[in-house]
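Encoded as structure tokens, the structure appears first; notes follow it.
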Amino acid sequence: MISGNSIVALSSGRLPAGIAVIRISGAQTRFVVETIAGGMVKDRIATLRRLRAQDGTLLDTGLVVFFPGPHSFTGEDVAEFHVHGGRAVAATMLETIARFDGVRHAEPGEFTRRAFLNGKVDLVETEALADLVNAETEAQRRFAVRNAEGAQSELYLGWRRRLIHARAMIEAEIDFADEDDVPGSVADAVWSDVGAMIDEISRHVEGFRAAEIIRDGFEVVILGAPNAGKSSLFNALARREAAIVTDEPGTTRDLLEVVLDLSGVRVRVTDTAGLRDAPGRVEAIGIEKARAKAHGADLLLVLEDMANPVPVGALPANAPVLRIGTKVDLIQPLSSGANYDTPISTKDGTGVPELLAEIGRRAAAEIGQAGDILPSRLRHVELLNETKRYLLAALAEDRRGQELRAEELRLAADRLGRIVGSVDVEDLLDVIFSQFCIGK
Ligand code: GDP
């Protein structure tokens with residue numbers, strides 16, 4: 001448990017609202033509830049009370065819920081006051097509570113930080129809670145909620161347990177090499193499991209791109225010669241207000257971005273300056289940006305005026321491309337449409353819903369199956385790669401002696417422990433004694 005100040009904050013959203021939830025955590029919580037609610041309430045049961053300041057002034061009438069530590073979100077005593085969601089009500093409640101001795105306003109993220117320090121959530125779960133709070137799309141929510149429930153942590157802790165076990169086996173072989181208790185072939189099984197784990201970690205790390213797409217969005221870039229119809233398509237997509245999560249006009253005059261929610265997946269569409277072979281100077285800067293943007297894109301929409309096709313020139317190698325024939329309304333009959341994946345007209349709307357559906361399908365395919373466990377931060381990927389390097393070293397160096405290899409296993413397990421934030425040396429001994437019965 002953490003001693004020191006109790007903390008208070010508004011834990012619900014923007015005011016005014018129907019209800020505001022004011023949360024306090026720490027040793028002073030009980031006293032604050034007794035004073036403001038005129039006496040203690042039953043644990044974990046919402047109780048309607050008149051709420052008064054220390055001088056007896058009536059603040060509001062609202063629900064009080066008390067969660068005694070350690071069975072609370074932070075692990076400390078926690079209380080929530082559900083009051084009317086007016087700005088003045090919330091402000092007065094907050095000020096009144098913060099004026100109690102030993103109580104202050106919480107820093108950003110401080111409730112979760114206390115939860116972590118008290119062992120209620122690990123580091124990965126803390127990150128997932130942040131993702132859950134920030135989730136805007138259904139894919140983001142699904143991803144975050146599973147990790148907040150511990151799916152990702154459990155994967156890393158499972159690998160870590162296997163490594164601790166592996167090391168215990170190897171150390172036991174070293175320590176008891178002359179005795180009969182430990183069979184010599186154990187080492188073979190251990191190293192083969194380490195090899196399997198390297199493959200599992202590699203596959204898991206490959207999922208990072210999918211996690212990035214879920215979090216940051218599937219990147220679509222519109223390319224095409226001047227007058228191909230890029231802005232018209234961009235505006236048509238941006239006008240679909242029902243689909244828009246946020247509208248972020250670009251900071252440059254050359255790149256504009258709109259963020260769409262296509263069947264629960266965040267999709268960012270960027271409009272670029274026209275690609276042309278002999279541009280003026282200002283235009284050249286825009287084209288440079290367009291090419292750079294196209295380079296990192298998940299999907300390129302290459303637009304060509306069907307009535308007046310002008311090629312866009314070289315495209316980044318390996319980039320997935322949809323060839324879009326524009327202004328199909330000007331083409332009678334539909335003769336040259338065969339050269340394009342999708343003919344569209346922003347004038348009469350032809351092909352635009354189909355195009356959106358296709359982008360949505362491709363984005364959904366990139367984020368993989370809903371149940372996949374993915375590394376959700378670069379931090380995880382870096383530590384996983386370090387883990388892998390130690391494991392590869394341990395596997396490769398079978399002539400260096402078992403002590404060094406066991407040390408590499410320890411370092412690998414340590415990296416995994418760092419991901420979840422729980423590096424603990426005691427469990428090595430636990431494994432030796434619980435699984436080997438060496439002392440008997
Ligand atoms: P950009 O330079 O590639 O951004 O092209 P714009 O979107 O500015 O379009 C160039 C011209 O083509 C404008 O005059 C548009 O009104 C016209 N245009 C764009 N899309 C269509 C379309 O689907 N049908 C028709 N008939 N005209 C279009």
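The values are calculated or read from the model by the stated rules, or taken from the named source; none is laboratory data. Here the structure is a predicted model, which is why all the values come from computation and not from measurement. Heads up, the Cβs are rebuilt from the backbone with ideal geometry, glycines too, and the neighbour counts pull from every protein chain shown. What goes into the accessible areas is simple: the full protein's heavy atoms, side chains included, and nothing from ligands, DNA or RNA. Shrake-Rupley method; radii C 1.70, N 1.55, O 1.52, S 1.80 Å.
A compact table of results
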| read-out | value |
| --- | --- |
| Around Glu206: net Lys/Arg minus Asp/Glu count, Cβ-Cβ under 15 Å | -3 |
| By accessible area with a 1.4 Å probe, ligands and nucleic acids excluded, highest first: order of Met40, Met306 | Met40, Met306 |
| Calculated P(r) tail over 14 Å for region 343-407, as whole % of Cα pairs | 74 percent |
| Neighbour net charge for Phe31 - beta-carbon separation under 10 angstrom, K R +1, D E -1 | -2 |
| With all protein chains modelled, accessible area of Thr92 [1.4 Å, Å²] | 60 Å² |
| Burial order of peptide ranges 115-122, 54-61 (average beta-carbon count within 10 Å, highest first) | 115-122, 54-61 |
| Neighbourhood net charge (12 Å Cβ-Cβ; Lys/Arg +1, Asp/Glu -1) for His82 | 0 |
| Sequence-separation-based contact order of region 6-121, relative, with Cα cut under 8 Å and 6+ spacing, percent | 31 percent |
| Mean projected area (nm²) of the alpha-carbon convex hull when region 6-121 is viewed from all directions | 6.4 nm² |
| Stokes-Einstein D (µm²/s) once Rh is taken as the Kirkwood radius of region 1-74 over alpha-carbon pairs, at 20 °C in 1.002 mPa s | 162 µm²/s |
| Accessible area per residue, Å², region 6-121 with all protein chains present, probe 1.4 Å | 49 Å² |
| Share of Cα-Cα pairs in region 96-195 lying beyond 18 Å, as whole percent | 66 percent |
| Exposure rank, largest accessible area first [Leu10, Leu383; 1.4 Å] | Leu10, Leu383 |
| At R0 = 45 Å, FRET efficiency that the Cβ-Cβ distance of Glu149 and Asn339 yields, to 0.05 | 0.35 |
